[in-house]
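Each remark here refers to the structure printed beneath this line.
The values are calculated or read from the model by the stated rules, or taken from the named source; none is laboratory data. Predicted model, so just to flag it, every value in this text is computed and none were measured. Here the Cβ is made from the backbone with ideal geometry for all residues, glycine too, and neighbour counts use every protein chain on show.
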Amino acid sequence: MFKIFEYCRYDTRQRALQSDADAVRTVFAARAQAHGGKLFGCWRSLVGLGLARDEGFAITAWPDEATAHSVPPPHMLSDGPVTGSDRQMMEATVRPTDDAPPTYEGVYVFRWFDVPVADWQPFCDLSEAAWPNMEEVFDVNICGFFRSREVAALDSKTLLLTRYANLSVWEASRWWNNPVAESAPSMQRFQDRNQFITATIAYPALPIFQTVKQTP
């Protein structure tokens with residue numbers, strides 16, 4: 001399994017994600033394949049919720065950080081639909097357990113957490129302990145828990161990538177929103193985890209899966 005993952009927030013030409021999202025995904029897939037990486041996933045915005053209409057996310061797995069840094073940004077490789085990008089290198093921690101791309105339909109939420117580095121391990125332990133109950137009770141899949149490699153030593157930044165069946169499942173699974181009783185084990189851990197978080201922000205997005213062309 002590759003442990004280094006590149007997080008990319010990208011921009012496209014106007015309405016490219018509405019007219020030909022597969023072409024956007026192809027830019028990232030071809031880039032990964034040409035340079036020894038693996039495309040973990042590509043997502044487009046839910047217009048009006050966190051991202052602009054012509055923004056999205058891509059995550060690529062690389063064999064090592066040097067390889068990842070040596071690859072040009074996606075918008076510099078071709079005259080394609082991707083017009084700009086910001087990248088950040090991350091390391092996989094307790095999720096995913098392999099670098100196979102997630103294939104679940106639904107809404108994916110990219111949630112960033114700022115946590116003092118001294119508190120990161122208990123923050124991680126509480127998260128990992130909570131997920132099995134959460135995944136059992138709700139239509140949810142924890143797809144990634146990545147730690148940024150580009151943060152100053154006394155701080156940490158972590159990306160939690162979670163797939164929800166829809167936004168109503170996200171709402172129903174908040175510990176502060178009177179969730180179902182069966183979720184108490186996970187909700188208590190999330191509430192306990194909250195003491196370690198200094199800042200957090202979340203962006204919902206929709207997956208762009210590879211289009212399978214039918215043979216005539």
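List of remarks:
- Pick from region 56-88, criterion over 14 Å from the mean Cα position of the chain (by Cα) and assigned to a strand (DSSP E or B), ranking: surrounded by the fewest Cβ atoms within 10 Å (Cβ to Cβ): 86
- Counted residues, region 166-211 - those being touching an Asp or Glu at 6+ places or on another chain (Cβ under 6 Å) and closer than 28 Å to residue 28 by Cα: 1
- Residue satisfying condition, being aromatic (Phe, Trp, Tyr), touching a residue at least 12 places away in the same chain (Cβ under 8 Å), within 30 Å of residue 23 (Cα to Cα) and outside the structural domain of residue 39 (by TED's automatic domain parsing), within set 196, 123, 190, 145: 145
- Being in contact (Cβ under 8 Å) with a residue 24 or more places away in the chain, small (Gly, Ala, Ser) and not assigned by TED's automatic domain parsing to the domain that holds residue 145 is a property that does not hold for residue 48.
- For region 75-98, filtering for residues that are touching a strand residue (DSSP E or B) at 6+ places or on another chain (Cβ under 7 Å) and either farther than 21 Å from residue 30 by Cβ or modelled with pLDDT of 95 or more (or both) leaves 16.
- Candidate set: region 89-143, residues that are polar (S, T, N, Q) and outside any strand (DSSP E or B); chosen: the one surrounded by the most Cβ atoms within 10 Å (Cβ to Cβ): 127
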